[in-house]
Amino acid sequence: MVSDELWARIRPLLPVVPRRTDHPGRKRLDDRKVLSGILFVLYTGIAWEFLPQELGFGSGMTCWRRLRDWHAAGVWQKLHELLLAELHAAGRLDWSKAVMDSSHIRALKGGPKTGPSPVDRGKPGSKHHVIADGNGIPLAVTLTGGNRNDVTQVMPLLRAIPPVRGRRGQPRQRPEVLYADRGYDHDKYRRLVRASGVKPVIARRGIEHGSGLGVHRWVIEQTIALLHWFRRLRIRWEIRDDIHEAFMT
């Protein structure tokens, strides 16, 4: 399930766990097989305890623990930055503009970073906040409660964009222009965005539709749709926010 190309990038990022010599116990399951199990859960949305043993990916709890530990070690963030650097080196990132948006999901078990959703009759929910480049490639994601206003994530999303290497000179971290819909309409945040060296182009409330921003913003809707193609991201089953953030990253 894990391609050779992907595994070649991930393997150097995984922490080395030395085997105990005094009480070695059962041999640790191969990391590549466990990663396949994690991806199987992400793709299918299956519960950890129902992960089929005959697939050879180990138990659901083994996969859950590795996902937790690798996320804590920054493996997924490092992989994201590595792939962004490869795209930047190949000229595949469009830094002329960035687009941000959010999507609400149900959080059936509650937990940190959930809240009563204003779009789902007050039921517990979370929000995925995403900022992407002009081609729709995700630059950063954040997770909040479903009752958090989108505008509160403008600066956290901008700051979450990592320094992207891959070319000579200083790493690139800021787009030239930021596009967003009416949910981000606030002059305070326009000033903050402008102060960070980015030009804000944000639709204003109270004016007729047809601003023309749709020709720029459609890529973020496509990006969020592709993220939610992974069934484990359509509904938040994890009580722990770090586990859900690991899947997001």
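The values are calculated or read from the model by the stated rules, or taken from the named source; none is laboratory data. Keep in mind it's a predicted model, so treat the numbers as computed, not measured. Here the Cβ positions follow ideal geometry from the backbone for every residue, glycine too, while neighbour counts run over all protein chains shown. For accessibility, only protein heavy atoms count, side chains too; no ligands or nucleic acids. Shrake-Rupley method; radii C 1.70, N 1.55, O 1.52, S 1.80 Å.
What a 1.4 Å probe finds exposed on the chain is 53% carbon and sulfur by accessible area, rounded to a whole percent.
Rounded to the nearest 20, the size of the Cβ-charge dipole of the range 119-177 about its Cα centre is 220 debye, with Lys and Arg at +1 and Asp and Glu at -1. Rounded to the nearest 10 square angstrom, Asp30 shows an accessible area of 80 square angstrom against a 1.4 Å probe.
3J(HN,Hα) along the range 145-152: x, x, 9, 7, 5, 4, 5, 5 Hz, from the Karplus curve 6.51 cos²θ - 1.76 cosθ + 1.60 with θ = phi - 60°, whole Hz, x for Gly and Pro. Relative to the first principal axis of the alpha-carbon coordinates of the chain, what is the inclination of helix 60-72, with its axis defined by its Cα atoms, in degrees from 0 to 90 and to the nearest 10? The angle comes out at about 50 degrees. Any idea what the relative contact order of the range 1-60 is, in percent, if you count C-alpha pairs under 8 Å spaced at least 6 apart? It comes to 30 percent, rounded to a whole number. In the full protein context, the range 63-191 carries 45 Å² of accessible surface per residue, based on a 1.4 Å probe and ignoring ligands, DNA and RNA.
Give me the dipole magnitude in Debye, nearest 20, for the range 1-133 about the Cα centre, with unit charges on the beta carbon: positive for Lys and Arg, negative for Asp and Glu.
Details: 21 positive and 14 negative charges, 113 e Å.
Its charge dipole is roughly 540 debye.
Note on Leu192 and Trp218: the model spin-label points, each 7 Å out from Cα along the C-beta direction, lie 3.1 nm apart. Averaging the sequence gap over all C-alpha pairs within less than 8 Å and six or more residues apart, then dividing by the number of residues, gives the range 22-128 a relative contact order of 15 percent. Length available on full extension from Ser96 to Glu49: 0.36 nm per residue minus the Cα-Cα distance, which gives 12.4 nm.
Against the main long axis of the alpha-carbon atoms of the chain, helix 31-44 sits at an angle near 50°. When the range 1-146 is described by a simple charge dipole with +1 on each Lys and Arg Cβ and -1 on each Asp and Glu Cβ, the residue from Val41, Thr62, Pro118 located farthest towards its positive end is Thr62.
Using a simple spin-label model with pseudo-atoms 7 Å out from Cα toward Cβ, Arg204 and Arg167 lie 3.4 nm apart.
For the chain, the longest principal axis of the Cα atoms and the long axis of helix 214-227 meet at an angle of about 20 degrees.
Estimate the FRET efficiency between Glu176 and Asn149 by the formula 1/(1 + (r/R0)^6), using the beta-carbon distance for r and 22 Å for R0, to the nearest 0.05.
FRET efficiency, Glu176 to Asn149: 0.30.
With a cut-off of 11 Å between beta carbons, the residues surrounding Lys97 carry a summed charge of -1, where Lys and Arg count +1 and Asp and Glu -1. Counting alpha carbon pairs within less than 8 Å and at least 6 residues apart, what relative contact order, in whole percent, applies to the range 55-195? Once divided by the residue count of the range 55-195, the mean separation gives 23 percent. Only lysine pairs 8 or more places apart or on separate chains count here, and in the chain those with Cα atoms under 24 Å apart total 13.
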